[in-house]
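What follows is a set of notes on a single structure, which appears directly below.
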Amino acid sequence: MQGDFDAVWTGGHLATMADESGYGVIENGAVAVKNGLIAWVGRAADMPGRAAGTHDLRGRWLTPGLIDCHTHLVYAGSRVREFEMRLEGATYEEIARAGGGILSTMRATREATEDELLDLAHARAEKLIAGGVTTVEIKSGYGLDLDSELKMLRVARTLGEERGIEVVTTFLGAHAVPPEHKDDRDAYVRLIIDQMLPAVAAEGLADAVDAFCESIAFTPAETRRIFKAATKLGLRVKLHADQLGDLGGGALAAELGALSADHLEHASEESVAAMGRAGVTAVLLPGAFYFLRETVAPPIALMRKHGVRMALATDCNAGTSPITSMPLILNMACTLFRMTPAEALAGVTRHGAAALGLLDTHGTLEVGKVADFAIWEVESPAEIAYAPGDNRCLATIKGGQPL
Ligand code: DI6
Ligand code: FE
């Protein structure tokens, strides 16, 4: 049957997330798709035209597909021994300084073949998709030499092609100083600037560049040099900032025109205000906060005060957030950070899109945007965040097609 639309979802309720605040609810709504894009959205009773296929929501809720805007999900190896060590009293920083932590995952990731990494990444992506994710950002940063970094980024791109989800890649060469450069960290910074960044840019393998700006990783001055070089190559930047201490990372992200500053537990009001002025999105990662048993939560009240958009993501990685469930992240954001369920859902839709520079095309149910949806067995959108460990996602739709 021919129709004005390829497909329509109707018979339920929509959380469009199209408003700056709240869910943008349309009860008894309908969303129509043509050529993979949203062609119409509104009250079902007002829908014009006919669709070739109709999907009955049976009273359920449909939201934009979720956007996990900060992950490290391409990696090999396990960090379960470090989990035990921390329970015996060691800290994350101590383990890192003793050559474990990121470097432990680096060793396993360097040794893994591309196919092995791809299989591991597929398994993690599958769990994200089951929780409503249609777009995922994936960082390199466990290779820490040119070939291994390129390998990670290729795996991320291949994952997207094979599974049909949208993968946004980020080059995180500045994640840790690898052992071969431990006595000359500047040589590694120069390697990133002179060789890695140009190669990554030339091969089109990264959509953005990130750095881990912490006392156990890279200084603000090193970060500034790397980001200036990235910007010269036309790459956007984003920053792991103020997670373990206040290095002024939020303000640095604002100064350098970053898309986002991520973590931010220890960010000062000065940093938050600078982010507000510069329009830098905050990416909050309650999974890492929980898993490391941090006690200082990010300054949510200051972010509200200074009009900083708050995105949420899994930070999926072996060391600090082995989590592949966005509904769990929503619950943690509410429980641990006292965000409202509406703020949390905005954090994984419209603000997640903003954190990736994709808000024009993703993150809300609006005409002209990609037809990426998640369908939920809930009585209200707040229930998506309600029960820790529950997954109420019934279906994940990418470009109008079930994933
Ligand atoms: N994101 C990161 O990049 C670091 N912490 C975080 O939350 C380190 C991840 C790791 O330990 O592998
Ligand atoms: Fe991270």
Spacing of the two label points (7 Å from each Cα toward its C-beta) at V25 and K232, in nm: 5.4
Number of Lys pairs (Cα under 27 Å; 8 or more positions apart or on different chains) in the chain: 26
Gaussian network model of the chain, springs between alpha carbon atoms under 10 Å - residue of H55, H266, H72 with greatest fluctuation: H55
Most positive-pole-ward Cα, G49, Y75, T135, against dipole of the stretch 1-149 from beta carbon charges: G49
Difference of contour (0.36 nm per residue) and Cα-Cα distance, E270 to D186: 27.3 nm
Angle between the chain longest axis and helix 102-111 axis [Cα atoms, degrees, rounded to 10]: 80
Sorted by Cβ neighbour density within 10 Å, fewest at the top, the residues D207, D147, D68: D147, D207, D68
Amide proton proximity set for L144, modelled H, under 5 Å, gap of 5+: E149
Rg followed by Dmax, in Å, when the chain is reduced to its Cα trace: 20.7, 69
With Cα atoms, 0 to 90° folded angle of helix 220-232 axis to the chain main axis: 60
Where the Cα pairs of the stretch 173-274 fall when distances are cut into 10 Å bins, in %: 17, 49, 30, 5
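Around A278, what is the net charge, scoring Lys/Arg as +1 and Asp/Glu as -1 over all other residues with Cβ under 14 Å from its Cβ? Show your work: numbers first, answer last.
On the way: positive: R236, K238, R277, R309; negative: E255, E270.
Around A278, the charge tally is +2.
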For peptides 57-66, 37-46, sequence by mean Cβ density within 10 Å, most packed first: 57-66, 37-46
Sequence ranges 183-190, 26-33, 214-221, ranked by mean other-Cβ count within 10 angstrom, highest first: 26-33, 214-221, 183-190
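Between rounded, prolate and oblate, where does the stretch 251-399 land on the alpha carbon gyration tensor, with a ≥ b ≥ c its root eigenvalues, rounded for a/c under 1.5, else prolate if a/b exceeds b/c? Please report the intermediate quantities before stating the final value.
Details: a/c = 1.84, a/b = 1.23, b/c = 1.49.
Here the stretch 251-399 falls in the oblate category.
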Loop-located trypsin sites (Lys or Arg not before Pro) in the stretch 259-353 whose Cβ has at most 16 other Cβ within 10 Å (DSSP): R293, R338
Between helix 146-163 and the chain: long-axis angle, C-alpha atoms, 0 to 90°, nearest 10: 10
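Fully extended, how many nm does the chain gain between R224 and S380 (0.36 nm per residue separation, minus their Cα-Cα distance)?
On the way: separation 156, 0.36 × 156 = 56.16 nm, distance 4.43 nm.
The R224-S380 span can extend by a further 51.7 nm.
Values quoted throughout were computed directly from the atomic coordinates according to the rules given, and no laboratory measurement underlies them. Quick caveat: nothing in here was measured; it's all calculated off a predicted structure. Because the Cβ atoms are built from the backbone with ideal geometry, glycine has one as well, and the counts that use them run over all protein chains shown.
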